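Here's the structure we're looking at; comments come further down.
The values are calculated or read from the model by the stated rules, or taken from the named source; none is laboratory data. Values in this document were obtained by computation on a predicted structure and should not be read as measured data. Quick reminder, even Gly has a Cβ in these numbers, built from the backbone with ideal geometry, and neighbours come from all protein chains shown.
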Amino acid sequence: MEPPDPSPQPLLLPVASGRAQIAGDKMAFFARRGGLAILSVAATLVTGYALWGTPTDDLSVDDKTALAAAAANVILAPTRVNLDDPGEMEKARASLDLPPAVADKLIEDIRQADRAETMFEHPQTADSAVPQAAAPTTKPSMQETGVARRTDVPHPSQPRDAAAKPANIQFAWISLYDFLDEDGDVVQVSTGGMTRTLFLKKIPTVISVPIVPGDFLRLTGVHDGGGGGVTVGVQAGATEVKMVLDVGQTLTLPVR
């Protein structure tokens with residue numbers, strides 16, 4: 001009779017070890033998934049954008065063509081900032097996102113342009129403000145004065161040369177937003193000699209801009225956050241336009 005084996009085989013150990021390994025693998029798998037989920041949620045809360053997902057900015061070619069055709073027929077008519085309302089002027093100044101000294105200089109230029117426009121449109125107001133010398137009893141002749149009569153000076157009641165009209169720069173409100181997914185699209189806005197860059201959000205961002213009626217507002221795609229193009233909507237008074245821009249593409253919209 002053979003002596004008993006001093007190290008008997010633990011028949012249940014391999015099964016228990018296998019189950020423990022499987023359980024450990026499952027725990028590690030769910031821990032990894034949980035960590036990724038927490039990371040994704042944290043990134044979404046901080047940046048506003050998910051780490052993964054299918055972008056929905058991918059419009060069809062027909063949709064983009066239709067939007068471009070509609071934008072080609074739009075003339076923006078933005079609401080003007082009330083220069084006489086201190087509260088509205090303060091909001092306009094804050095929305096410029098400029099250093100205070102630069103913002104004040106821009107606003108003063110717009111005020112001066114507004115006053116010059118008023119004087120041009122109503123010259124009798126400016127003329128009446130200047131004291132007039134009393135007319136002489138006896139009018140001297142041209143020979144006595146030695147001054148030739150000028151015939152090229154218009155009378156105040158006559159229409160003035162349109163070329164002499166001052167640049168009618170004005171202050172207006174516009175809103176910009178992402179009309180599809182808020183995925184990090186960035187656009188550049190240029191108008192009235194001022195250029196600024198904006199991150200587009202679903203909720204419209206209202207900004208004040210200098211404009212010149214008859215001039216243009218230019219929008220340039222800067223960054224395509226989620227693919228499919230920079231999807232930007234513009235609200236200006238009662239007019240609204242939506243467009244899809246490639247990065248580097250500029251769309252020009254007339255302003256009145």
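With the structure loaded, tell me whether T197 is within 12 Å of the chain's Cα centre (by Cα), exposed (fewer than 15 other Cβ atoms within 10 Å of the Cβ) and part of a strand (DSSP E or B) or whether it fails that test. Spelling it out, T197 is indeed within 12 Å of the chain's Cα centre (by Cα), exposed (fewer than 15 other Cβ atoms within 10 Å of the Cβ) and part of a strand (DSSP E or B).
Examine segment 201-214 for a residue that is part of a loop (DSSP other than H, G, I, E, B), surrounded by 17 or more Cβ atoms within 10 Å (Cβ to Cβ) and in the same structural domain as V241 (by TED's automatic domain parsing), and state whether such a residue exists. Scanning segment 201-214, I find no residue that is part of a loop (DSSP other than H, G, I, E, B), surrounded by 17 or more Cβ atoms within 10 Å (Cβ to Cβ) and in the same structural domain as V241 (by TED's automatic domain parsing), so the answer is no. Filtering segment 224-237 to residues that are surrounded by 15 or more Cβ atoms within 10 Å (Cβ to Cβ) and more than 17 Å from S175 (Cβ to Cβ) leaves D224, G225, G226, G228, G229.
The set of residues in segment 243-256 being over 19 Å from D215 (Cα atoms) and either crowded, with 18+ Cβ neighbours inside 10 Å or among the β-branched types (V, I, T) (or both) consists of M243, V244, L245, V247. Within segment 37-89, the residues that satisfy the criterion of being at pLDDT below 70 and either exposed (fewer than 10 other Cβ atoms within 10 Å of the Cβ) or part of a loop (DSSP other than H, G, I, E, B) (or both) are L45, V46, G48, Y49, A50, L51, W52, G53, T54, P55, T56.
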